[in-house]
1. From the list Thr97, Thr108, which one is without any contact (Cβ under 8 Å) to a residue 40 or more places away in the chain and surrounded by 10 or more Cβ atoms within 10 Å (Cβ to Cβ)?
2. So for region 119-127 (the condition being under 30 Å from Phe8 (Cβ atoms) and out of contact with any Asp or Glu (no Cβ under 6 Å at 6 or more places or on another chain)), does at least one residue qualify?
3. Just the residues that are loosely packed, with under 11 Cβ neighbours inside 10 Å, more than 30 Å from Asn43 (Cα to Cα) and of a type in the set (A, V, I, L, M, F, W, C), please, taken from region 53-94.
4. Take Val61 and tell me if it is free of Cβ contacts under 8 Å to residues at least 60 places away in the same chain, farther than 11 Å from Val39 by Cβ and assigned to a helix (DSSP H, G or I).
5. Return the residues of region 30-47 that are in contact with a strand residue (DSSP E or B) (Cβ under 8 Å, 6 or more places away or on another chain) and under 16 Å from Tyr9 (Cβ atoms); say none if nothing qualifies.
6. If a residue has to be assigned to a loop (DSSP other than H, G, I, E, B) and within 12 Å of Phe20 (Cα to Cα) to count, how many in region 43-58 make the cut?
7. Given the residues His93, His52, which is the only one that is of a type outside the set (Gly, Ala, Ser) and touching a strand residue (DSSP E or B) at 6+ places or on another chain (Cβ under 7 Å)?
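Every number here is computed from the coordinates shown, using simple stated rules; none is lab data. The shown structure was predicted, so the numbers you read here are calculated from the model rather than taken from an experiment. Neighbour counts are summed over all protein chains in view; Cβ atoms, including those assigned to glycine, are modelled from backbone coordinates with ideal geometry.
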Amino acid sequence: MAGELPEFYFRVRENGATVFRVDTENRQRRIEMSEIAVVNIKNGQVRPHGDHELTEDELAVISDWTSERIAVVATRDMDDIYRAVDYLNLTTHWAQTRAEDAQLEDVTDGLLLAMHDLRTVLVRKKTDRLSKARD
C-alpha cells in the first residue's frame with residue numbers, strides 16, 4: 001500500500017461512527033481493525049466498546065473527528081437545500097414546457113401539499129426571526 005495508514009478508522013453511520021484502531025504491526029502484516037468506540041454526533045455521546053477504556057489521545061482524536069464531521073454534515077445539508085431550490089426551478093420549467101396532462105395529474109397533489117407545508121414552515125420561521133429582530 002502507498003503511504004501510511006491512519007491510526008484510527010471511522011466507519012460512518014447515520015448519526016456518527018464506529019471507531020476502530022488500525023494495526024498493521026503484526027506477523028502477517030495484515031490490516032487489523034479493533035473496534036474501540038461508538039460516537040453519536042447528535043448527542044455527543046462516546047461509548048467505549050466492550051472493556052476498552054478510551055485514552056486521552058483516543059478521546060482527542062474522536063473529538064476532532066466529531067467536530068469535523070459536524071461541519072461536513074452541516075455543509076452537505078445546506079448544499080442539499082440549494083439543490084432543492086434548483087430542483088424546484090427545474091420542476092417549474094418542466095411543468096410549464098414539457099409535462100403532459102397525465103404526468104401533471106400524477107404529481108400535482110403531492111407537489112402542492114409539499115410546497116404548502118414548506119411555505120407554511122418558512123413563513124412561520126421568517127415571522128419568528130422578524131419578531132426577534134424587532135425585540
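1. Working: Thr97 fails: surrounded by 10 or more Cβ atoms within 10 Å (Cβ to Cβ).
After applying the criteria, what remains is Thr108.
2. So in region 119-127, the residues under 30 Å from Phe8 (Cβ atoms) come out as none.
Taking every residue of region 119-127 in turn, none turns out to be under 30 Å from Phe8 (Cβ atoms) and out of contact with any Asp or Glu (no Cβ under 6 Å at 6 or more places or on another chain).
3. Residue satisfying the conditions is Leu90 alone.
4. Numbers: free of Cβ contacts under 8 Å to residues at least 60 places away in the same chain: yes; farther than 11 Å from Val39 by Cβ: no; assigned to a helix (DSSP H, G or I): yes.
When the stated conditions are applied, Val61 does not pass them.
5. The first filter runs over region 30-47 and keeps only residues in contact with a strand residue (DSSP E or B) (Cβ under 8 Å, 6 or more places away or on another chain), leaving 31-42, 45-47.
Within region 30-47, Ile31, Glu32, Met33, Ser34, Glu35, Ile36, Ala37, Val38, Val39, Val46 qualify.
6. To start, the set of residues in region 43-58 that are assigned to a loop (DSSP other than H, G, I, E, B) comprises 43-45, 49-55.
From what's left, within 12 Å of Phe20 (Cα to Cα): 49, 52, 54.
Adding up the residues that qualify gives 3.
7. Numbers: His93 fails: touching a strand residue (DSSP E or B) at 6+ places or on another chain (Cβ under 7 Å).
Residue meeting the stated conditions: His52.
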